[in-house]
Structure formats: C-alpha cells, structure tokens
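Engineer: Have a look at this one.
Where a number appears in this text, it was derived from the coordinates with a stated rule and is not lab data. All figures in this text were calculated on a predicted structure; none of them were measured in a lab. No Cβ is skipped: glycine too gets one built from the backbone with ideal geometry, and neighbour counts run over all protein chains shown.
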Amino acid sequence: MRPEILNPLFQPLTSLSGVGPRVAPRLSRLVGPAAEAGREAVVADLLFHLPSGIVDRRRRGHIAASPHGVIATLRVRVDRHKPGGGTGGRRTPHRVYVHDDSGELALVYFHAEGGWLERMLPVGETRWISGTVEWFNGAPQMVHPDHVVSEEDFAALPLVEPVYPLTEGIGLKLLHRILGDGLSRLPALPEWQDGELMRRQSFPPFAEALKALHAPEGPEDVDPAGPAWRRLAYDELLAGQLALALVRASLRKAAGRPRPGSGRLTKQLRAALPFALTGAQERAIADVAADLAGPVRMIRLVQGDVGSGKTMVALFAAATVIEAGGQAAFMAPTELLARQHARSLEALCAAAGIRMAVLTGRDRNRERERILAAVAAGEIDFLVGTHAIFQSEVEFADLGLAIVDEQHRFGVHQRLALSAKGAGTHLLVMTATPIPRTLMLSCFGDMDVSRLDEKPAGRKPILTRSVSLDRLDEVVERIRSAVRDEGAKVYWVCPLVEESEVSDLAAATERHAHLAELFGKDVALVHGRMKPAEKDEAMRRFQSGEARVLVSTTVIEVGVDVPDATIMVIEHAERFGLAQLHQLRGRVGRGDRPSTCLLLFKGPLGEVARARLEVMRETEDGFRIAEEDLKLRGGGELLGTRQSGMPGFRIARPEVHGDLIEIARDDAALVLARDPALASRAGRRCARCSTCSVATRPCGCCGRLRPDPVSTRHHTGSCSLGVGWTGIAAFGFTISGVTRPAEMISLAASSTDMSSMIISDCGTNSR
C-alpha cells in the first residue's frame, strides 16, 4: 500500500488552486508522463516538471547604465501616461514615462487597456520594474515589462525566475502560481537515502531539492549537474534500477529448464556454411550453449556493430534448443526484416533439417491457421516473425528460446510477453545499435553480455563523404556512371514518403520518379506505406540485379542484406540521428568490394547536425558512435515501449548523471539482497540509548547499525516510521512514467510474491 503521507502528491491536478476544467487537460498534456498517455497526471507529475533555465533579474542599477538587450530591474518614479491612438495598422501603443536619477525611460504597451495601466502605474508613485531594456533612436524603452510591483511588494518579485517548457493556454505566470500550490502540498518526509551517500554527494533532502529547483536563488540551482537536480535524478535512477532488478529476478526466478544440445544440428549447420565464423561469433555461440545447458534461465544480450554476424549466433542458439527437443522463436521489428531473415536462413535450416516458418501480421485465414496449428503441435521448430508471434492466440508446444532482434525497437513489455510463451523460456536479445556504457548499466546491467567486435574477413572500409545538396546534379551523374560502367548497386534514402506542403525535405516517391527518368527500369522503390507484396517484389528486383538503384525511406535501416550493394546515398542527412545514419551506412560494405556513403545535406547546418556529420566521416566504430549519439540525442526509455528520442528518464540525464547510474545499480542490488520482498521501511532511524556501549550491530527492523547495548533493556531498537521502499518506488515510477511494473512482472513469471510490496500501489492511477 502507498503510505498515507504521500497521498497529497498523488491527487489529481484539479485539486490545485487555479486548475479548472479548462486548464486541467492542457496542464496534464504538458506535465503528464509521455510513456503512460492513458494515465491522469497528478500533483507529483507537476512537481517533476523541472525548469529548462532561468531569467536572472538580479541586475539592478540606473536607466542610463542599462545596456541594450539586457534584463534589468529598476526603481523608477512614474511621470506621465501617453495613451495610444489610431485604428487598424496605424494604431500607436500606450506609453508610460518613468525616470530615476540618471534619466527617463518609456514603458511601451501594445493593445493594453488604459485604465488598467493607470491603476498599475499611478502618476507620482514609485515602482520596481523588471524587463528587457532596448535603446531606440538614442532613447531607452522597455516593451511590456515582465513585472511591475510597488516598493512594499518588492520582496515578492522573483529576482531569479525559473522558466519551463510551456504549451498553448499555460503561460509562465499561471504555471508559477500552480507550482506554488503544488509545493505547499509537499509533506515532511523522513529521509530514505543513505546518510553517507547524502554527505558524499552533497545531496539536499527531497523537499529542499524540489524547492531549490522551482524557486532558485541562482543559475547553479537549476543546473542538471548541481546537487538539487542530482538528488532527484538519483531517486529516479534508484527506483528504476529496483524495478528492472525485480523484472530480471522474476525472469530468473522461474526455474530455467536445461536445454543441452547434442551437437547434431549445429554440426550440420557448420558444414553448410559457405564461410568461417569469426572468433567473436564462436565465443558468443559457446556462451549461449553454456547458458542453455545450465539450470538457470538464460537472459543474454548479444550486441555488435553493423554486419558483425548476430543472426548466425541466433541460428546456432535456436539449433541447440531444437536439438534438446524444444522450439525457438525469432522476433524482428518489421515484416520486411522478418521475411529477409527467413529467406537468408531458409537454406541453412533446410540443410540441417530444421522446420522453419514465418508468421507476420500479413498472414491471414487458412495459411495463418495452418501455421498456428503446426506451432501448437510442435511440427514447426523455428518460428520467425514480427510482434504477431507474441499475440495471445500463438501457442507453442514447448518454447525453449525467445530471440528478440533489434531489441531497441521493442519495450520490456513485448520482450517479456514473448518469453512468457513457454515455461522457463530462455531469452536472447540482440542489437546492432551498440549501447553506451551508461545505458548498458541502466537497461541491461544484470544481463549476461556477448560482444561481437569482429567483422567477417574481407570486409573493406566504407568511404564516407558529406556533400551539399547544391551539388545534387553532380551526385546523380556520378551514380549513373557507377551503375553504367561498374554495375554498382545503389541505395538512395529519403526522409519522407511523399512531398509535404509544410516541409521541403526530399520524398522517396518524387526522387524515384526523377531517377526513373534517367535510369529507366533500373530503379525500384520501397517504403512503409507499400503493400507487403510490393515491398517484397522491389527487394527481390534489387537483390537479383534487375534493379540497380533502390530508392527508399528508412524502412531499410536495419537488417537488409544485399552484399553486392556498394553505394549508399542519404538525402537530408542532417535530419537523421547518428545511430540511424550508422545503421543506414551499414547496408553497404558487406561484400569484398570498396563501398561509399554520401551524406547529402542542406545548409546552413546547425551545431548538432554538423557534429553528427563530422563523427560519421571520422569513424565506422559503432561503439564510439553510440557514445557520441547519447551526448547529442539521448537514449531510449528503458521500462516502457518508447524507444527513441530523448531518454525516458524524466529527470536523470545519462550524459550528465552517468556516475549515478552505477551507484544506483549497486544500491538497488544491495537493497534487494537484504530485502527481496521490499517489505521493510526505508527512512527509519534507530533510537539511541545513552547507556549503550560503543559496539554496534544491525538493527533488527531497518538493517542500519545501532549501538549494541550491554543490556537489551537499555535499547529497544525502536524505529520512527519512514516512507518505505513502496513510497520510494511510487516517487520513482511517477518521475519516470513507469506506472505498471506489476504488469511487466506478471508477464515474466506467475509468482510475484517478492515484489508485491513495491508493485501494490506504484500505479499512480489506482486508489
């Protein structure tokens, strides 16, 4: 149960002063958790809507000494009003002339009501004004001052004013008023974090940290690297690590069923391979085989750079489970990729006698029913598909291994749903997007990891160049020469499917039509809006060589494998993220011929876009690119389903708080080692008896060290009530928007006893 002391923070926004039926939905969209669109925002969501910066009004002085364009706070005397006049476009503003000892200043108001201005700025009275000073024709003016207060109310003027992300209908002053009411609801909470950690990190208490961020006294108070922000970031990271650890523990708690392979199928696969496996692939295959043979459920991540051979590792893992009498399922993020995997594995599976089938959302009626019946009867050993294979109607006879390809495209919900299809199902997740160390700790910290850091022999480096779109005609002519004279195969990637009135970005359909005029039938088109059969036909033509140029959107970003393609053109490359550019570039350079990647950009480039293109030119190392991408763009949400854009963390920023992730992971492991059910109450402190000796021993109820009494009657060991780990979880999940870990854990295993305390009320939309 959620501790009652936290209830004020979980009240709806409409309980706050100034939040009526008109403001509430707008405010909820602004501050609510993006990952849980169906959940009503609460007061805690508002408090975790942190400032994006400040307006510094501490500069005081005289009118004549105020520089142009600088915010100043001035003490002035009102001289006279000059009302505006005129009609339509010739209307003049209302001016109020004020002065101090150094000179005169005009306050300029457009479309303001004269009577209201005269009451706010009465002639002969002294006022404090704050706003941006502008010098126009040698005279200073301030257009629409931000604040006008009397001398008596000067103390209420915010000299350091936080600014926030806003939305239509929610202005800064309204948000400040609502936040003030929200802060007044903060209860007095016992400290739940370790005292030594608080001292070492200079963390303020929870309530003080929130108040410092929403009522800062200087720029350092709203700095993400400052103590207040770091304190809240750590709370969020610790709660997230506790949730992830519970999910992993629940996965492992379901007894793993040993699946030792006989080597019969893997031996046949090796004999059928037209190439030798790399050393990294051999090590990963050995790791997986050892996991499958053991009594503990396998949860392994295989991460490697583009083209490092993860699919072969997955196939050998599947063969091992099939040798042991089980089934394997392979989930790919797109139908195009699922069917390509099936085509590439078909010959090898046939050679080894593995019965393989493909199941996607495209399959209907009799064919789908036939596949489902065969899977349920155990007549299919290896099922390859999309998200369709974790739907409830898909039942396996004995699912021994769930393989998730391009795991960053799936949230934890989907991965757990697939692994829950069998008793003690082993889980193998794969990614061709190398994961930065900080995100590795966050999302996969307790997983066993195999790293594929070698590429198949014979691969040539990819020459990467950035070219302005002003030289598009030159690029097209060079492509035409390469196709005509060298028989080159070319990918041409566009950011849009069709032209848009609101965007001047290149569209695949228009680029295809343009290139078709020059190349004729040598050009094919593929994008996400096409029917599956049309996409399959376009890919078949390109793979067979009937088409030499494939115009596409990013639908070919991952997994598409055409070894003799040697040129990648990415139009408007400045609009793509680093990881996406690296994935697209990875579609070429898969054979033994030199390859080229052309990044076409439209100038002028912004700072971030320029940095991306520079990194792409400098390196092909996906692990370095991943670290740079994290700095520039952020990682994906860890516990939900949103897997791109800025991090799913609401407060923590991995690029700033990377050191806290490791601390939070270690602390979460320690907490769960001492208290697997999270049943104890954090934030308790032992009462001390003045007659106790200096020796210490752990308190029986909270685990902290307490004086060891000579006689137990001198020390009762009583503890004051704390918010408990359930309370911490409620805070942390609300910060990050993860409100239903119970659902994830129940997907992972039927037994959730160990986590009942934390999950009983961390869903903020309940009770």
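Engineer: Take the alpha carbon atoms of the range 92-117, find their center, do the same for the range 134-205, and report the distance between the two centers in whole angstrom.
Structural biologist: Between the Cα centre of the range 92-117 and that of the range 134-205, the gap is 26 Å.
Engineer: Where in the range 124-155 does the amide nitrogen come within less than 12 Å of the point 7 Å from the Cα of F110, taken along Cα to Cβ?
Structural biologist: Counting only backbone N, you get 143-144.
Engineer: Net charge near E486, counting Lys/Arg +1 and Asp/Glu -1 over other residues with Cβ under 15 Å of its Cβ?
Structural biologist: So the surrounding residues net to +2.
Engineer: Once both labels are modelled 7 Å past Cα along the beta-carbon direction, what's the A351-Q268 spacing in nm?
Structural biologist: 1.2 nm
Engineer: While we're looking at this one, here's another question. If the cut-off is a Cα-Cα distance under 17 Å, which aspartates and glutamates reach K602, setting aside same-chain residues fewer than 8 apart in sequence?
Structural biologist: Excluding near neighbours in sequence, the set is D470, D473, E474, E499, D504, E571, E574, E614.
Engineer: Now for a separate question. Going through the cross-link list K460/K489; K455/K489; K460/K631; K310/K460; K173/K211; K489/K535, which pairs have a Cα-Cα distance over 25 Å in this structure?
Structural biologist: Numbers: K460/K489 16 Å; K455/K489 22 Å; K460/K631 29 Å; K310/K460 19 Å; K173/K211 17 Å; K489/K535 17 Å.
Flagged as over cut-off: K460/K631.
Engineer: Can you give me the three principal axis dimensions of the range 58-157 from its C-alpha atoms, in Å, biggest first?
Structural biologist: Reported extents, whole Å, longest axis first: 38, 30, 20.
Engineer: What distance in nm separates the simple spin-label points at R343 and L518, each placed 7 Å from Cα in the Cβ direction?
Structural biologist: For the pair R343/L518, the computed spacing is 2.6 nm.
Engineer: Taking the Cα centroid of the range 574-635 and of the range 326-347, what is the distance between the two, rounded to the nearest whole Å?
Structural biologist: With the range 574-635 and the range 326-347 each reduced to a Cα centre, they are spaced 27 Å.
Engineer: Exactly which trypsin sites (Lys or Arg not before Pro) in the range 66-128 are in a DSSP loop and have at most 14 other Cβ atoms within 10 Å?
Structural biologist: Filter output for the range 66-128: R91.
Engineer: What is the Cα convex hull volume of the range 299-377 when expressed per residue in Å³?
Structural biologist: 117 Å³
Engineer: Could you give the Stokes-Einstein D for the range 458-612 in µm² per second, using the C-alpha Kirkwood radius, 37 °C, 0.692 mPa s?
Structural biologist: Answer from the Stokes-Einstein relation: 211 µm²/s.
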